[in-house]
Amino acid sequence: MIDEKKIEDAVRLFLEGIGEDVDRPGLIETPARVARMCHQIYGGNEQDAAVHLSKQFQATNNSMVLEKDITFYSTCEHHLLPFYGKAHVAYIPDQKVAGLSKLARTVEVYARRAQIQENMTAQIADAMERYLSPKGVMVMIEAEHLCMTMRGIQKPGSKTVTFVVRGQFAEDYNLQQAFNQMVKG
């Protein structure tokens with residue numbers, strides 16, 4: 001649960017810590033703004049992917065379903081700086097499919113948390129496996145990390161790619177190739 005009072009206090013301390021005057025006009029309302037913003041940026045901690053993935057439909061076509069280029073924004077748990085990019089999620093249905101928007105909503109559940117990209121990729125695959133019971137799952141995330149672009153090594157434009165394969169995707173290299181061609185196409 002998000003505690004706005006604690007966030008406001010922490011933001012005031014942070015601003016003082018970096019040498020700012022927390023009473024100057026531009027900063028007076030900043031602690032409250034940041035606290036309200038946290039509901040959107042970190043709201044995934046209060047959400048459950050099951051809510052989204054439980055909306056399913058019967059399907060006779062058991063070929064690959066791919067939702068690609070799902071834009072997301074997340075926060076690196078190591079530096080509390082954003083990372084953002086595209087998620088591509090696919091699965092081989094087993095007689096049932098999720099509503100298409102539900103795949104994007106599942107990405108959002110896990111993106112709106114402080115975490116690392118590697119875990120986010122696995123969490124999305126785990127949720128799809130758990131709630132859809134598909135024959136296979138593949139998730140790929142491509143992201144730019146501001147902790148690498150605006151600090152540290154300072155390499156803007158560099159991207160980190162993570163992927164997870166499960167079930168038929170892990171067993172069939174041709175399925176992985178089809179996924180990659182569809183994502184790049």
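For the reader, a short list of remarks on this structure follows.
- Ligands, DNA and RNA excluded, the heavy atoms of residue 172 present near 60 Å² of accessible surface to a 1.4 Å solvent probe.
- The stretch 112-176 shape via C-alpha gyration tensor axes, a/c threshold 1.5: oblate
- Stretch gain in nm, segment residue 116-residue 161, where the contour uses 0.36 nm per residue and the Cα spacing is subtracted: 15.0 nm
- For the chain, the longest principal axis of the C-alpha atoms and the axis of helix 117-132 are separated by about 50°.
- Per residue value of the accessible surface for the stretch 35-88 (all protein chains in place, 1.4 Å probe), Å²: 58 Å²
- For the pair residue 60 and residue 40, a Förster radius of 35 Å applied to the C-beta separation gives a FRET efficiency near 0.35, rounded to the nearest 0.05.
- Each of 57, 169 has its accessible area taken with a 1.4 Å probe; listed largest first, they run 57, 169.
- Note on residue 181 and residue 6: the model spin-label points, each 7 Å out from Cα along the C-beta direction, lie 5.1 nm apart.
- These residues, 88, 79, go from largest to smallest accessible area, 1.4 Å probe, as 79, 88.
- At the residue level, residue 135 shows approximately 80 square angstrom of accessible surface with a 1.4 angstrom probe and all protein chains present.
The values are calculated or read from the model by the stated rules, or taken from the named source; none is laboratory data. What you see is a predicted model, and the numbers here were worked out from it, not measured in a lab. Because the Cβ atoms are built from the backbone with ideal geometry, glycine has one as well, and the counts that use them run over all protein chains shown. What goes into the accessible areas is simple: the full protein's heavy atoms, side chains included, and nothing from ligands, DNA or RNA. Shrake-Rupley method; radii C 1.70, N 1.55, O 1.52, S 1.80 Å.
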